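Working notes, beginning with the structure itself.
The values are calculated or read from the model by the stated rules, or taken from the named source; none is laboratory data. What you see is a predicted model; the values in this text were computed from it and never measured. Heads up, the Cβs are rebuilt from the backbone with ideal geometry, glycines too, and the neighbour counts pull from every protein chain shown.
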Amino acid sequence: MNSIPVPTKTALPLLFEPDDTLEMLADMLSRALAGQSGGHWREELWPMLAELGLFAAVMPERYGGYGGARTAALVCRLLAGSGVVSPYAVSSAAIAPSLAELDQPAGRVTALLEALVEGRQVATIALHEVDALPVLRDFQTVLSGAGEGQWRLDGAKRMIAFAQEADWLVLPARNEAGHLVIIMLDRASFSPLLQPCTLIDSMPAADASFSGLVIDEDAIVAVGEQAESLLRGIVDRLTAAQCAEAVGAMAYMINATAEYLGVRRQFGQPLSAHQALRHRYVDMTIQQAKAETMAALAATAVDQESPEQRDRALARARYVIVRAAWFVSQESIQMHGAIGMANETPVSGYFKRLLALSLWLGDEDDALEGLIA
Amino acid sequence: MMDVLGYPESGLFSAREMKFRNQVRDFVAENLPGEIAARLKCGHHANRGEIEQWTRILHERGWSAYCWPKEFGGPGFTSVERYIFEEECAIAGAPELVPFGLKMVAPVLMKYGDQRQRDHFLPRIARLDDFWCQGYSEPGSGSDLASLKTRAVLKGDHYVVDGQKIWTTSAHDADWIFCLVRTSNETKRQNGISFLLVDLSTPGIEIRPIITLDGKHEINEVWFEGVEVPVENRVGEEGMGWTYAKYLLEHERLNFGGMGFCKRELTRLREMAATSLRHGRPLLEHQSFRQRLTALEAELAAIDLTNLRFLREVEAGRENPLQAPVLKIISSEIQQAISELQVRALGSKAMPFNPQGIASNAGHYFAAENYCNMRKTTIYAGSNEIQRNIAAKGIFG
Ligand SMILES: Cc1cc2nc3c(=O)[nH]c(=O)nc-3n(C[C@H](O)[C@H](O)[C@H](O)COP(=O)(O)OP(=O)(O)OC[C@H]3O[C@@H](n4cnc5c(N)ncnc54)[C@H](O)[C@@H]3O)c2cc1C
């Protein structure tokens, strides 16, 4: 057994430059997560994250932030590695810091930012329409004038993560001139329109149809170029956060597999004595090593790089991490045998989490096409 | 009708076999209830009622025990005819017949059972009066089956059985279970095992559900506490169960094919790819996806035809020990590959899980659910690692 290297559960993401502050944060969060009882995120997890300052930490410095997307990646990795399914990635890692970048934000944005930083409210975004991938341009949801500072919204969105539980919905659409607009709806206006469902990894989500929904001027938070850079900020940060979540879930599966191979005995010896399985286990850790690297690269790129560099880093990260996720999740179940297929066995939950994350992140072919284009 | 994989019209099957194929195809088209076919083609699993209904329809025609020889009440199909029969039924959307009775316990009874057991059980299996399940695996005995611990102690004219079986497919739907039990502690573990037929309504048996990662109830734990099994329900001799089980396992492996099922799922995959949009264009128009799909089709054709080639070789009396493990490995891996590409094709649309209600079920292909479920194919019926060990042993000794 000792010959198989077992990554420890509290290991930091392998960021290229070790950072004492982040390491301390990781330690505190790991300890706090170990004490959680698995209650609803709003009641149990949120107060804990607020106490650790992890809503502010991912924000720009003027909000008391530190480390930007690297901090977000660290939190997302540890949450996913303890089996938590929560809106932290979409709300805190992606939407909050991106909204904070807006010049002259509208009144409701400033109010929301305050609530997000204090962990009082949660926001989500509607990125999916009819397409099988998240849509980033050519939205079919249309905002048109309805006279006197009023607008109407027509279209449909699918699979809005945590829609039933969110306080705010960020909604990209197209105006009559064909420009991107970002709308922010409060709970009262979108919640009656939701058709809820549960996703593979037990995340709650919902579809929503809008037909002539009346919208006030102040719900429009960005138009044109400003809207494009806001959307881009959210999507890129979400990608980096989901990469980190995938790495966390993989780390869990790899640890659990090592442990199982050590304790399960067949033919009078532990499974870890079979060379066929030892090699395949090592192949899992190789995938994980590359995935860790690329998740760190993605997080760094979000904050630092030029748009071109950022696109390339994120697409490469998606490609490497999605492939690793398919591989690690399948191999882990296989090496557990039948017990890996039981819903009660934790690895089966992580298997579905990794499947969901691979689908959110989009197909590896799409990542490659992005790199070729 | 063009073959799903676009094979040539002639050259693969004899004129007699083609005629047989048409006969089966016409029968299935006329007799398979439309509601069943529609449900299965949407990715649902057949329930016990649907399997019963279809078995009875086939029974009327003399085809329910399609894999049995004439002397035991089967139609006496050749192995290629069986392959054709399974393929036509699966492609049309028919439920798979219960393999535990037809393909597992029946061949053992034909070879090792006594006259009374054959006369009583075989006709009941053919009509699905008895739904069977397989009690081999135990918590501590999976790949290493010979280590099994469930005990059967002979007391007068019955055995008393105590212990636990696990991962038992369909036990909750079943009437009977065939079990491997330990009847003595020999130094060579394989020698103390016997093969018992157990009525699941006997007092002392408890069946507990195990929910699998796709959220379904398909497998179970089966607990035995002081369960009395009449000695006449032992198959063959006491202590010889391992020999019978090995015979059965070989049967199970040669039967693994499932090519008709793969072709049905390939058709579904093409449907998914035609309706799924990526950047506003159907996925089928994307070069990268076409390449994946085309590669999968080539792979499936290779596996399907290898299957057929092995059957021809077996028919000609040229069996070789690599056929069974190779067939199990390649068939199970292609089933998984198809289900994986289905999920990839749907992308985020595959994410809602087991949605309830008719409205949200419409257009839901159950691709992610089936992808999860298909993980089993490389684990059960002798895991693929064990198959590779068997193959390697055949080659290197
Ligand atoms: C959905 C499902 C349905 C099933 N239905 C039935 C049923 O109806 N009746 C029944 O009796 N059983 C059933 N089984 C059980 C099945 O037969 C066992 O799962 C199988 O034999 C493997 O045993 P295990 O799960 O205990 O895995 P283990 O034997 O513990 O193996 C775990 C892993 O180690 C690998 N491994 C083990 N030994 C070696 C070795 N020597 N070399 C290399 N690798 C090795 C295995 O391949 C596997 O990947 C079912 C299983 C599943 C998943």
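General observations
- Only one entry in A:G224, A:G268 is under 26 Å from A:L102 (Cα atoms) and either surrounded by fewer than 17 Cβ atoms within 10 Å (Cβ to Cβ) or within 16 Å of the ligand (Cβ to nearest atom) (or both), namely A:G224.
- Failed condition for B:N185, given (1) surrounded by fewer than 16 Cβ atoms within 10 Å (Cβ to Cβ); (2) in contact with a strand residue (DSSP E or B) (Cβ under 9 Å, 6 or more places away or on another chain); (3) more than 29 Å from A:S329 (Cα to Cα): (2)
- Sole residue being modelled with pLDDT of 95 or more, in the same structural domain as B:S201 (by TED's automatic domain parsing) and either within 16 Å of the ligand (Cβ to nearest atom) or crowded, with 18+ Cβ neighbours inside 10 Å (or both), chosen from B:F178, B:F85: B:F178
- Here segment B:307-317 is the region considered, the condition is being crowded, with 17+ Cβ neighbours inside 10 Å and in contact (Cβ under 8 Å) with a residue 24 or more places away in the chain, and the residue that is nearest to the other protein chains (Cβ to nearest Cβ) is B:N307.
- A:Q269 vs. criteria within 14 Å of chain B (Cβ to nearest Cβ) and within 17 Å of the chain's Cα centre (by Cα): no
- Test: residue in segment B:112-124 that is within 12 Å of the ligand (Cβ to nearest atom), surrounded by 16 or more Cβ atoms within 10 Å (Cβ to Cβ) and either more than 14 Å from chain A (Cβ to nearest Cβ) or touching a residue at least 24 places away in the same chain (Cβ under 8 Å) (or both): no
- Within segment B:94-110, being among the charged types (D, E, K, R) and either in the same structural domain as B:A37 (by TED's automatic domain parsing) or in a loop (DSSP other than H, G, I, E, B) (or both) holds for one residue alone: B:E96.
- Boolean, A:Y260 is more than 14 Å from chain B (Cβ to nearest Cβ), of a type outside the set (V, I, T) and out of contact with any Asp or Glu (no Cβ under 9 Å at 6 or more places or on another chain): no
- The criterion of being among the hydroxyl-bearing types (S, T, Y) and within 14 Å of another protein chain (Cβ to nearest Cβ) holds for B:S143.
Condition check ((1) at pLDDT 95 or above; (2) within 29 Å of B:E340 (Cβ to Cβ); (3) not polar (S, T, N, Q)) across all residues:
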| position | (1), (2), (3) |
| --- | --- |
| B:Y7 | no, yes, yes |
| B:S10 | no, no, no |
| B:K19 | yes, no, yes |
| B:P33 | yes, no, yes |
| B:I36 | yes, yes, yes |
| B:G43 | no, yes, yes |
| B:E50 | yes, yes, yes |
| B:R56 | yes, no, yes |
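- Against the list (1) aliphatic (A, V, I, L, M); (2) touching a strand residue (DSSP E or B) at 6+ places or on another chain (Cβ under 9 Å); (3) farther than 28 Å from B:K349 by Cβ; (4) surrounded by 24 or more Cβ atoms within 10 Å (Cβ to Cβ), the condition A:V75 fails is (2).
- Subset tally (residues that are crowded, with 20+ Cβ neighbours inside 10 Å and within 15 Å of the ligand (Cβ to nearest atom)) for segment B:146-160: 2
- Filter pass, B:W132 being more than 7 Å from the ligand (Cβ to nearest atom) and in contact (Cβ under 8 Å) with a residue 12 or more places away in the chain: yes
- Among the residues of segment A:331-359, those that are within 21 Å of A:A291 (Cα to Cα) and either at the interface with another protein chain (Cβ under 7 Å from one of its Cβ atoms) or outside any helix (DSSP H, G or I) (or both) comprise A:I333, A:Q334, A:S348, A:F351, A:K352, A:L355, A:A356, A:L359.
- Just one of (1) within 12 Å of the ligand (Cβ to nearest atom); (2) assigned to a loop (DSSP other than H, G, I, E, B); (3) more than 22 Å from the chain's Cα centre (by Cα) fails for B:Q164. It is (2).
Conditions (1) in contact (Cβ under 8 Å) with a residue 40 or more places away in the chain; (2) over 27 Å from A:Y63 (Cβ atoms); (3) within 14 Å of another protein chain (Cβ to nearest Cβ), marked per residue:
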residue: A:D131; (1), (2), (3): no, yes, yes
residue: A:G149; (1), (2), (3): yes, yes, no
residue: A:F162; (1), (2), (3): yes, no, yes
residue: A:L171; (1), (2), (3): yes, no, no
residue: A:L194; (1), (2), (3): no, yes, yes
residue: A:S211; (1), (2), (3): yes, yes, no
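- Meets criteria (over 22 Å from B:E250 (Cβ atoms) and either in contact with a Leu (Cβ under 6 Å, 6 or more places away or on another chain) or outside any loop (DSSP other than H, G, I, E, B) (or both)) for B:E52: yes
- Hits in segment B:377-391 (condition: hydroxyl-bearing (S, T, Y) and within 6 Å of the ligand (Cβ to nearest atom)): B:Y380, B:S383
- A single member of A:V247, A:V235, A:V223 is farther than 30 Å from A:S329 by Cβ and modelled with pLDDT of 95 or more, and it is A:V223.
- Residues located in segment B:146-162, provided they are more than 14 Å from chain A (Cβ to nearest Cβ), out of contact with any Asp or Glu (no Cβ under 7 Å at 6 or more places or on another chain) and not hydrophobic (A, V, I, L, M, F, W, C): B:K155, B:G156, B:D157, B:Y159
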